[in-house]
Amino acid sequence: MNREADREQGEGIRNVSAHVFRIGTIHHDRFWIERPDGRLFQIDGQAKSVLERLASGASAAVVCEESELELEELAMLFQILGIGTDESFVLEGDVEHTVGVGDDPANNAGMRAAVRQTSASSGETTERNFVFPWLECRSFAWVVASFLCVAVGLLAWFTYSAPLAFVASFSDQWIIAAALTVAVILHELGHLLAMPRSGGISVSVHWSGPLPVFSIVCNGAWKLSGPQRVRIDLAGFATDVLVCGIAAAIGLFDSGLSPWIWTFILVQGFRMVFAIWPLLPGDGYWLLVDLFSAPNLWMHAADDLKRLRLNWLSLYALLRIMFLLLLWLLYGYMLYFWIVFFLSKTWDAALGYILYPAPLLMLLNVLSQLYGLAAALRRFSRKTASQRSEEAGALN
């Protein structure tokens with residue numbers, strides 16, 4: 001599960017051609033702001049105050065002096081908002097000041113934003129509704145907890161009683177791969193069922209380093225309270241536990257399926273750990289963000305580490321970098337192992353092995369990494385060429 005979140009922002013002179021941004025309260029010092037394209041970001045009380053001061057007609061210099069901000073931080077704001085420095089914008093929702101778009105442009109000595117108030121009965125409340133209202137009921141939480149306890153019990157029973165055995169044939173491994181694909185879809189479906197009704201939901205498949213990721217993105221989650229967001233973060237992991245419990249029950253019912261169940265549970269267990277691991281950009285990371293109400297946790301942690309500040313954020317950044325380095329070393333070793341293995345085989349034998357799920361996944365990952373590297377080099381070359389042309393134009 002992915003979400004967009006940012007808090008600091010930028011500067012410029014506005015036109016009266018305004019973009020409409022919606023803003024609302026999460027809790028006393030956290031607010032969400034929605035761009036016209038549907039993307040949502042989280043800001044704190046200071047950033048909200050800066051936007052409102054700009055809306056009241058204050059110049060960028062005055063706002064920076066009053067708020068003890070740098071102009072670069074204000075520039076970052078408008079970059080995040082996705083608007084140019086010569087464009088105006090409208091804040092609509094939970095704001096303190098109201099400035100009409102039709103105000104005299106001559107009064108816009110600095111930056112000017114238009115602000116509109118909206119009532120709680122406007123379309124805002126509908127986006128906070130859930131697809132299944134009973135998700136908010138305490139009794140439903142107890143039902144889910146009961147099923148999770150049963151699933152854990154079945155899983156423990158199976159691992160204790162079933163003999164340890166795994167599948168190895170080509171067809172059996174692809175059966176496990178298909179089952180794992182269904183499990184991943186169910187994992188994301190668990191997140192989706194716990195999310196609010198929103199038009200900003202999208203599905204994506206991408207690589208996170210050496211790991212493939214299937215994601216359902218719902219920026220509407222930022223509009224919810226902390227406990228609700230934590231529930232969304234844990235919904236995928238809870239679904240994984242239930243799936244493992246069902247698999248264990250099947251294995252207990254038919255002992256002949258034990259090798260398939262053991263293989264599925266082992267791989268699924270590794271995937272569950274990686275999904276909830278806080279040192280990776282997945283559910284575990286968002287769980288930390290929501291538990292500590294710390295938007296842009298990684299960005300601030302990396303910044304504290306660069307500044308050699310000794311706190312839990314810099315420690316988190318150091319541990320995450322070390323873990324990712326270890327993960328990439330393991331990935332490199334696996335890649336080396338498979339290359340040596342295939343070079344020791346004939347072409348026909350190597351082609352037969354590469355069609356197994358694990359080698360095929362590795363091959364697709366390598367191709368994806370090479371494509372990403374080529375795209376990055378192409379963007380860098382274009383940027384360099386553009387800078388050189390600008391410098392040449394300035395000299396002329």
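What follows is calculated from the coordinates using simple rules that are stated; it is not laboratory data. All of these numbers come straight from a predicted model, not from anything done at the bench. All Cβ positions, even for glycine, are placed from backbone atoms using ideal geometry, and neighbour counts span all protein chains on display.
Structure data summary
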quantity: Segment 344-396: C-alpha gyration tensor shape, a/c 1.5 cut-off, then a/b vs b/c; calculated: prolate
quantity: Amide H partners (placed H, <5 Å) of H19, local residues excluded; calculated: S88, F89, V90
quantity: Sites Q369 and E136, calculated FRET efficiency, Cβ-Cβ separation with R0 45 Å, nearest 0.05; calculated: 0.60
quantity: Approximate spin-label separation F341-R379, in nm, with each point projected 7 Å along Cα-to-Cβ; calculated: 3.3 nm
quantity: Label point 7 Å beyond Cα of W174 along Cβ direction - residues of segment 336-369 with amide nitrogen under 14 Å; calculated: 352-361
quantity: Potential lengthening between L329 and V230 on full extension [0.36 nm per residue; Cα-Cα distance subtracted]; calculated: 32.5 nm
quantity: Cα centroid separation - segment 330-394 against segment 250-264, whole Å; calculated: 37 Å
quantity: Segment D37-A165, length gained on full extension (0.36 nm per residue, minus Cα span); calculated: 41.0 nm
quantity: Table column - 3J(HN,Hα) (Hz), segment 343-348, Karplus curve with 6.51, -1.76, 1.60, x for Gly and Pro; calculated: 5, 7, 10, 6, 4, 5
